[in-house]
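Below is one structure, written out as structure tokens; the observations come after it.
The values are calculated or read from the model by the stated rules, or taken from the named source; none is laboratory data. None of these values were measured; they are calculated from a predicted model. Cβ: placed from backbone, ideal geometry, glycine included. Neighbour counts: every protein chain shown.
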Amino acid sequence: MIIGLDVGGTHTDIVLVGENGLERKIKVPTDTSALFQTVLTGIEKITENIPSEKIKHAVLSTTLTTNAIVRNKLSPAGMIVSGGPGIDPEEFRTDGHYSNVSGSIDHSGREIEPIDKKQIEEIARRLKSQGIRHVGVVGKFSARNPDHELEIEKIIAPYFDKIFLGHRVSGHLNFPRRIATTFLNASVYPIHKEFFEAVKSTLKQKGISIPIYILKADGGTMAFDASIDFPGQSVLSGPSASVMGSVAFAPADKETLVMDIGGTTTDMAVLINQVPLLSPLGIEIGKYKTLIRALNSYSIGIGGDSVVRLEGNSLKIGPDRIGPAMAYGGPLPTPTDALFVLNKTDDVSGDKNKSIDGLTPIAEKLGITVEEAAFEVFDLACQDILTAAREMIERINRKPVYTIKEVLTGYQLNPRHIMVLGGPASYFAEHMAQISEFTVQPVPQWSVANAIGTALSRTTCEVTLFADTQKGIAMAPGESFSKPVKSDFTKKDALELGYELLRQKALQTGADIDDLDLDVLEDLEFNMVRGFRLTGKNIRIKLQVKPGLIHQYKMITDKIAAM
Amino acid sequence: MLSAKHKTGLVFFPAFDWAISPTHPEREERLLYTQDQVFEEGLLDIDGIIEYKANLVEIKDVQRVHFCAPDEKSVMTESHFISAGGAKTIADAVMKKKIEKGFALVRPPGHHAMRVVHGGRGFCNVNNEAIMIEYIRSAYNVDRVAIIDTDCHHGDGTQDIYWHDPDTLFISLHQDGRTLYPGSGFPEEMGGPMAAGTTLNVPLPPYTSEEGFLYVIKELVLPILDDFKPDIIINSAGQDNHFTDPLTNMHFSAQGYADLTRLLKPDIAVLEGGYSIEGALPYVNLGIILAMAGINYSNVREPGYDLSKLRQSDQITQVIERTCDHVMGNWNARELIRNRMKSDKKFDKRRRSIMYDTDGFNEHQNETIRICTECGGVLKIDSTSDIGQHILAVHVPRKACRACREQGFEWYDSASETYDMIILQNRDDDTYQVRKKT
């Protein structure tokens, strides 16, 4: 059996899945000031009377690091950045402990200017004296040649507890994002480490000795031990939990839009034949644009608790949330109130009369009955969400491409199917199907689909490899790998090598050998010509373990669907 | 957070699957390292820098500018449709005010493509800038256009297309034609009788450096632009004046290109040549994009940049000053020159031989333009290529007067059947008619 635990803003969902499908599900309130206690209570409750050896592992999706970033409660981290020529690296300053040092590498990985050891030692001493214990080191083009970052690491190693290197966080070229990502890794490291070590040891004390995995923003998991070096990977896993919870129930041969209609926002993502679409570079959170792999998700400020107001004679919903629905004692009418008025709710804890009171002034101004007004609100909420969904698809389709083949064969996303999760999911599903070109279906067990998705997601990772046969080298800096190659090294050889590195990485970060669904993200090969002569080949490969569900999922989800 | 002072759009189309031939300078690899630099600098994340996806141009867009023999599809590959389409996409975004400035980083280039196209010359088949300009002229309220060509090679294709157009100012800065392909672009080349002076050529001696280029911009180009008052300024942004370019002999730099862009303030830049793909293009393109967007570029520096080694000699400075004086004199005397060229002729004729170096053949032209005081003048070109096509191309200009329009129709209708093709390109009503040998 596997535990899936997803910490949400107000409550935490915990499920136990196994051969009988959804074995157990519980909800506990989230105490953001004592997240540790919430997680522990959740795991203890869900495993009550179940022997530890029956549980294979637990996957946790927490808001720990996300909250630290959003609430600006990051631990101070030093940053040593070597920018070289280009945009002034001062533009990418993360916090007070940020130093731009000499040294530069060009786009082909050539050293243009060496680093200055003295300068780096001085900075290290200063940072240490300021009490800095965790440091990020990032060089421009370090994803092409990590030597400077490695040299700097060697110099400063004696001064600090933990050092994060830019070339390890991603193989993508984007210096500002590499800086932000490395900084986030360094600055969430202490809370991440402390939290999960405490979870592990406390569970052990209580006799629950199980491997712990964390969910990542790309809808994949990672063994907790491996996450120590990449704590930033745990950021913003929440949206991916719901999406992964929908995967099993999505059509296998179609494009599907997944919509999680929450209180404050509606989050959307795209599945292509059950595989979630990834964002091109990485998550954006607060002021940080990163290279942390993530699902291509999009959030709009329309949810059950969004404020409904009249602007002139037209209704407007959101994007703000002031409080809960009036049915639950909130201050302003919301789409949830509209559902109460229309009797489209199973919830008996709310007060329909308060919803009627709330919507009556709007109805009067519009000169219609309160039921009609409620329907207008409900209809508009559905329309707005659908409009946002179409915009999201259009934006994805507008993404530039760089080859003739891609322009001419241009794959255009055109989903015709929507899956919805969230409190009013079934009512929204019905109406959205009526007013749009989409078929709409609520996700089974939607109220804990997030925790189910967390439990059933497989371990994912990515490898970037490039080869330059003119220089005679193949490198995957992110994997600390490089080897000499001859001039007859081909793209096929590079792919083989890349697959091997990817397999190793996946297994090291916690993948099951049966779950290695490998996929090519990029494979480019260029003739290098110097002085009108062919002098080599420039080969670039990006491979991933696709986000998806573990191989045993079907037997579990079939039973869940049948419940 | 970093943000652009001027909202700037980019179309980046490196055509990673297209080359003239595997080891040709115009090959798949050309913009690879530029892409690396653009990505690594995080340019596309900057607030106010927007990347657009290139659309394809339509045949109709090409027919506003060119006479393609035997037809468009025979002389254009898919990459040409996308490259010109990239320029058009950017122009649309500028005209719709979605962006203030735009840069089409596309290949293949286009500025050696002339009005009549039988094939490829100077790595170009169709003229990206002209296709873009004639598109915005027909779709938006744009009349007067200035094109400043800063490629190291003379923009002879663009010059040819606008030779007779008094509403298009074409100024080309390039390495002296006596020392470089295509061997033209001398100050005496000033345009036809109705448009003399709106074509201006500034040949620069080999080893001209930042100082020389910026002198021409400040002392010649900017004052003439002030005088001409264009609705829009286009920069044919070739990057082969760079000191590392393998095909040329100049001493320009990334800083220089960025300074030039800052001074020139083009609304739209379109990439032309530039074949130092590792040592120059990544840095020059970065400099141009930052300068267009109004972002500090002072730290953009290519490897090997040493101002003291790149400085031009005093002799070069003197040659450039003299050339500028000469060109400025021509500009100021343009009315006089036009009148002298018109004299009391009814038609003006020229015979030319055009070399298609990329495809390896020659074309022979007999061009006739009606001397007109009302409009740019109707034009016909009798063109024969070594590879077989013999065509008659009739061009009725925008804003054509009645007499010129009728002359155009008469030429088209009365042309003998010996031509493989007779074409009427009527810019006045935006139509293109073809009559083929039966």
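Could you grab me the full set of residues in the range B:343-372 that are at negative phi and out of contact with any strand residue (DSSP E or B) (no Cβ under 8 Å at 6 or more places or on another chain)?
B:ASP344, B:LYS345, B:CYS372
For beta carbons closer than 7 Å, sequence separation of 6+ or different chains, a first residue in the range A:503-520 that is without any contact (Cβ under 8 Å) to a residue 60 or more places away in the chain and a second that is acidic (Asp, Glu) and assigned to a helix (DSSP H, G or I), the qualifying pairs are A:LYS505/A:GLU479.
Tell me which residues, restricted to the range B:291-301, are at the interface with chain A (Cβ under 10 Å from one of its Cβ atoms) and without any contact (Cβ under 8 Å) to a residue 60 or more places away in the chain. Don't jump to the end; show me each part of the working.
So the first thing to find is which residues in the range B:291-301 are at the interface with chain A (Cβ under 10 Å from one of its Cβ atoms), and the list is B:295-301.
Residues satisfying the conditions are B:ASN296, B:TYR297, B:SER298, B:ASN299, B:VAL300, B:ARG301.
Evaluate the following for A:THR454: is it more than 14 Å from chain B (Cβ to nearest Cβ), crowded, with 19+ Cβ neighbours inside 10 Å and at pLDDT 95 or above? Against the criterion (more than 14 Å from chain B (Cβ to nearest Cβ), crowded, with 19+ Cβ neighbours inside 10 Å and at pLDDT 95 or above), A:THR454 qualifies.
A:LEU236 falls short of the stated requirement of being buried (at least 24 other Cβ atoms within 10 Å of the Cβ), touching a Lys or Arg at 6+ places or on another chain (Cβ under 6 Å) and not small (Gly, Ala, Ser). If you go through the range B:347-363 and keep only what is within 30 Å of B:ASP227 (Cβ to Cβ) and crowded, with 17+ Cβ neighbours inside 10 Å, you end up with just B:ASP348.
For the range A:515-562, the tally of residues that are away from chain B (no Cβ under 14 Å), of a type in the set (Lys, Arg) and under 26 Å from the mean Cα position of the chain (by Cα) stands at 2.
Counting just the residues of the range B:401-429 that are under 20 Å from B:HIS364 (Cα atoms) and of a type in the set (Asp, Glu), which one comes out nearest to the chain's Cα centre (by Cα)? For the range B:401-429, the residue satisfying everything is B:ASP420.
Would you check which residues across the range B:2-16 are more than 24 Å from the chain's Cα centre (by Cα) and either within 7 Å of chain A (Cβ to nearest Cβ) or at positive phi (or both) and list them? The answer is B:LEU2, and nothing else. For the range B:245-259, a residue qualifies if it is buried (at least 20 other Cβ atoms within 10 Å of the Cβ) and closer than 22 Å to B:GLY177 by Cβ, and the qualifying residues are B:ASP245, B:THR248, B:MET250, B:HIS251, B:PHE252, B:GLY256, B:TYR257.
Residues in the range A:339-393 that are among the aliphatic types (A, V, I, L, M) and under 30 Å from A:ASN414 (Cβ atoms): A:VAL377, A:LEU380, A:ALA381, A:ILE385, A:LEU386, A:ALA388, A:ALA389, A:MET392, A:ILE393. Of the candidates B:LYS97, B:LYS73, the single residue that is free of Cβ contacts under 8 Å to residues at least 40 places away in the same chain, surrounded by fewer than 22 Cβ atoms within 10 Å (Cβ to Cβ), more than 12 Å from chain A (Cβ to nearest Cβ) and in a loop (DSSP other than H, G, I, E, B) is B:LYS97. Across the range A:158-186, the qualifying residues are those that are at the interface with another protein chain (Cβ under 10 Å from one of its Cβ atoms) and basic (Lys, Arg), and the one among them that is nearest to A:GLY282 (Cα to Cα) is A:ARG177. Taking the range A:379-481 and the helices (runs of 4 or more DSSP H) fully enclosed by it, the elements with 3 or more residues that are closer than 24 Å to A:ASP267 by Cβ and not assigned by TED's automatic domain parsing to the domain that holds A:ASP6 are at A:425-435, A:449-456.
Condition first: within 7 Å of chain A (Cβ to nearest Cβ), touching a Pro at 6+ places or on another chain (Cβ under 8 Å) and assigned to a helix (DSSP H, G or I). Can you find one or more residues in the range B:43-51 that meet it?
We begin by selecting, within the range B:43-51, every residue within 7 Å of chain A (Cβ to nearest Cβ); these are B:45, B:51.
This time we only want the ones that are touching a Pro at 6+ places or on another chain (Cβ under 8 Å), so: B:45, B:51.
Now restrict to residues that are assigned to a helix (DSSP H, G or I): B:45.
Yes, because at least one residue in the range B:43-51 is within 7 Å of chain A (Cβ to nearest Cβ), touching a Pro at 6+ places or on another chain (Cβ under 8 Å) and assigned to a helix (DSSP H, G or I).
For the range A:390-405, residues that are touching a residue at least 12 places away in the same chain (Cβ under 8 Å) and more than 14 Å from chain B (Cβ to nearest Cβ) total 2.
Of B:GLN255, B:GLN312, all but one fail to be over 18 Å from the mean Cα position of the chain (by Cα) and away from every other protein chain (no Cβ under 14 Å); the exception is B:GLN312. Determine whether B:GLU219 is part of a helix (DSSP H, G or I) and either in contact with a Ser or Thr (Cβ under 9 Å, 6 or more places away or on another chain) or over 22 Å from B:ARG352 (Cβ atoms) (or both). When the stated conditions are applied, B:GLU219 passes them. Filtering the range A:348-370 to residues that are in contact (Cβ under 8 Å) with a residue 24 or more places away in the chain and either out of contact with any strand residue (DSSP E or B) (no Cβ under 7 Å at 6 or more places or on another chain) or surrounded by fewer than 19 Cβ atoms within 10 Å (Cβ to Cβ) (or both) leaves A:GLY350, A:ASP351, A:LYS352, A:LYS354, A:SER355, A:ASP357, A:GLY358, A:LEU359, A:LYS365, A:LEU366, A:VAL370. Of the residues in the range B:335-346, at least one is exposed (fewer than 13 other Cβ atoms within 10 Å of the Cβ), within 30 Å of B:HIS390 (Cβ to Cβ) and more than 14 Å from chain A (Cβ to nearest Cβ). When the residues of the range A:47-77 are narrowed to those that are buried (at least 20 other Cβ atoms within 10 Å of the Cβ) and assigned to a strand (DSSP E or B), which ends up farthest from the other protein chains (Cβ to nearest Cβ)? Per the criteria, the residue is A:ALA58. Within the range A:388-445, the residues that satisfy the criterion of being more than 30 Å from B:PRO14 (Cβ to Cβ), β-branched (Val, Ile, Thr) and within 23 Å of the chain's Cα centre (by Cα) are A:ILE418, A:VAL420, A:VAL443. Against the list (1) hydroxyl-bearing (Ser, Thr, Tyr); (2) touching an Asp or Glu at 6+ places or on another chain (Cβ under 8 Å); (3) free of Cβ contacts under 8 Å to residues at least 60 places away in the same chain, the condition A:SER201 fails is (2). Can you tell me which condition A:THR387 does not meet? The list is (1) in contact (Cβ under 8 Å) with a residue 12 or more places away in the chain; (2) under 27 Å from A:PRO239 (Cβ atoms); (3) of a type in the set (Ser, Thr, Tyr), and all the others hold. With respect to (1) in contact (Cβ under 8 Å) with a residue 12 or more places away in the chain; (2) under 27 Å from A:PRO239 (Cβ atoms); (3) of a type in the set (Ser, Thr, Tyr), A:THR387 is out only on (1). Return yes or no: is B:LYS218 at positive phi and at pLDDT 95 or above? For B:LYS218, the condition - at positive phi and at pLDDT 95 or above - is not met.
Given the range A:78-138, what strands (runs of 3 or more DSSP E) lie entirely inside it while holding 2 or more residues that are more than 10 Å from chain B (Cβ to nearest Cβ)?
Answer list for the range A:78-138: A:78-82, A:98-100.
Report yes if A:LEU16 is over 18 Å from A:THR221 (Cα atoms) and crowded, with 17+ Cβ neighbours inside 10 Å, otherwise no. Considered against the rule, which asks whether it is over 18 Å from A:THR221 (Cα atoms) and crowded, with 17+ Cβ neighbours inside 10 Å, A:LEU16 comes out as no. Mind checking whether some residue in the range B:25-32 is under 30 Å from B:VAL434 (Cβ atoms), more than 8 Å from chain A (Cβ to nearest Cβ), of a type outside the set (S, T, N, Q) and not in a loop (DSSP other than H, G, I, E, B)? Within the range B:25-32, not a single residue is under 30 Å from B:VAL434 (Cβ atoms), more than 8 Å from chain A (Cβ to nearest Cβ), of a type outside the set (S, T, N, Q) and not in a loop (DSSP other than H, G, I, E, B).
The number of residues in the range B:44-60 that are crowded, with 24+ Cβ neighbours inside 10 Å and at pLDDT 95 or above comes to 2.
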